[in-house]
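Quick one: this structure, given as C-alpha cells, is what I'll be asking you about.
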Amino acid sequence: MNIDIEKLDFDKADGLIPAIVQDAATGTVLMVGYQNRMACKQTLECGKVVFWSRTKKRLWVKGESSGNVLAIVDILSDCDNDALVYLVNAPLATCHKGDFSCFQKHQSFDFLSTLSTLIEMRKDKRPEQSYTTTLFDSGLDRIAQKLGEEAVEMVIAAKNSDDDSFLGESADLLFHFLVLCAEKNISYDAVIDTLRERQVG
C-alpha cells in the first residue's frame, strides 16, 4: 500500500477523487465512492476504506453501521494520480441494498465466486465454531455423503408445493457442492469454465 497522498491530485474535482473498490479475489467492481485528502489519510491509517459523503458532508467508514467493512489488500493510483482503486477482502454484501456489488449485471456469479473463496479460506484457517470447519474436519467421504443428502432433500422439496422449502434446500445443495469442490481442490471457476466449454460445443 505504497501511496503518497501528497502526489494525489485533489484539485480537478473540488477536493475529491473517485475511489473504485474491487474484490481482491475476483476482480469484481464492488462500488465507487469519493475521497478527500482526510479520507485518504484515515484509510491508510486504519486499513479500511473511508469515504467522503457528498450528501452528509462528512467522513464515513464503509460498514460502520452494517459491519460490512472493506479491509484493504492493496491500493492502486492511475497514471494521472487523480483516481484510486482499492483492492479489498470483500464482505458478502457491499451494496447498501444487501447485494455483493452495487453493479448488478453479474451479481449471482459474483456472489457464488466470493462464497467459494470464503469457503476455501475456512478450509485453510479452520475457525472454531464454524459449521464449514466441522465439514472439512469430517473428511471427503462425509462431505460427499452430506452433498448427496442435500440433493435428496432438494428433490423431495421440488415435489412439494412449498417454494420456500425448495429454495432453502437448493441453497444448501449449492453450499455443500462448493465445500466438496474446495475439499477436492477444484475451483468453482473451473466448474464454470467446463460449463462454458459445453455451451460452445
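The values are calculated or read from the model by the stated rules, or taken from the named source; none is laboratory data. Predicted model only: the values in this text are computed from it and were never measured. Glycine gets a Cβ as well: all are built from the backbone with ideal geometry, and neighbour counts include every protein chain shown.
If I filter segment 161-172 for residues that are crowded, with 18+ Cβ neighbours inside 10 Å and of a type in the set (A, V, I, L, M), do I get at least one hit?
The answer is no, given that none of the residues of segment 161-172 is crowded, with 18+ Cβ neighbours inside 10 Å and of a type in the set (A, V, I, L, M).
May I ask you to say which residue of E153, E183 is farther than 23 Å from S101 by Cα, surrounded by 13 or more Cβ atoms within 10 Å (Cβ to Cβ) and in contact with a Lys or Arg (Cβ under 8 Å, 6 or more places away or on another chain)?
After applying the criteria, what remains is E183.
Are there any pairs, at least 6 apart or on different chains, whose C-beta atoms fall under 7 Å, with the first in segment 147-165 and free of Cβ contacts under 8 Å to residues at least 12 places away in the same chain and the second assigned to a helix (DSSP H, G or I) and of a type outside the set (S, T, N, Q), and if so, which?
A158/F166; S165/A157
Quickly run through segment 30-62 and pick out the residues that are under 21 Å from F100 (Cα atoms) and of a type outside the set (V, I, T).
Residues satisfying the conditions are L30, M31, G33, Y34, G47, K48, F51, S53, W60, K62.
Does at least one position in segment 115-135 carry a residue that is over 30 Å from V49 (Cβ atoms) and out of contact with any Leu (no Cβ under 7 Å at 6 or more places or on another chain)?
Taking every residue of segment 115-135 in turn, at least one turns out to be over 30 Å from V49 (Cβ atoms) and out of contact with any Leu (no Cβ under 7 Å at 6 or more places or on another chain).
Okay, residues lined up against (1) touching a helix residue (DSSP H, G or I) at 6+ places or on another chain (Cβ under 6 Å); (2) under 30 Å from Q22 (Cβ atoms):
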{"position": "F111", "(1), (2)": "no, yes"}
{"position": "E120", "(1), (2)": "yes, yes"}
{"position": "D124", "(1), (2)": "no, yes"}
{"position": "E128", "(1), (2)": "no, no"}
{"position": "F136", "(1), (2)": "yes, yes"}
{"position": "D163", "(1), (2)": "no, no"}
{"position": "F175", "(1), (2)": "no, yes"}
{"position": "V179", "(1), (2)": "yes, yes"}
{"position": "K184", "(1), (2)": "no, yes"}
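Looking at E64, E45 in this structure, which one is closer than 22 Å to D4 by Cα, in the same structural domain as I20 (by TED's automatic domain parsing) and free of Cβ contacts under 8 Å to residues at least 12 places away in the same chain?
Going through E64, E45 in turn, just one is closer than 22 Å to D4 by Cα, in the same structural domain as I20 (by TED's automatic domain parsing) and free of Cβ contacts under 8 Å to residues at least 12 places away in the same chain: E45.
Scanning for something within 20 Å of E45 (Cα to Cα) and of a type outside the set (K, R), does segment 90-98 turn up at least one residue?
Looking through segment 90-98, at least one residue is within 20 Å of E45 (Cα to Cα) and of a type outside the set (K, R).
Scanning segment 120-140 for residues that are modelled with pLDDT of 95 or more and of a type in the set (A, V, I, L, M), which turns out farthest from E150 (Cα to Cα)?
In this case the residue turns out to be L140.
So how many residues does segment 1-19 have that are outside any strand (DSSP E or B) and either closer than 20 Å to V29 by Cβ or of a type in the set (A, V, I, L, M, F, W, C) (or both)?
Residues in segment 1-19 being outside any strand (DSSP E or B) and either closer than 20 Å to V29 by Cβ or of a type in the set (A, V, I, L, M, F, W, C) (or both): 7 in total.
Only strands (runs of 3 or more DSSP E) wholly contained in segment 42-91 count here; list those with 1 or more residues that are at pLDDT below 90.
The strands (runs of 3 or more DSSP E) meeting that bar are 58-61, 71-77, 84-89.
Yes or no: S165 touching a Cys at 6+ places or on another chain (Cβ under 7 Å) and not β-branched (V, I, T)?
no
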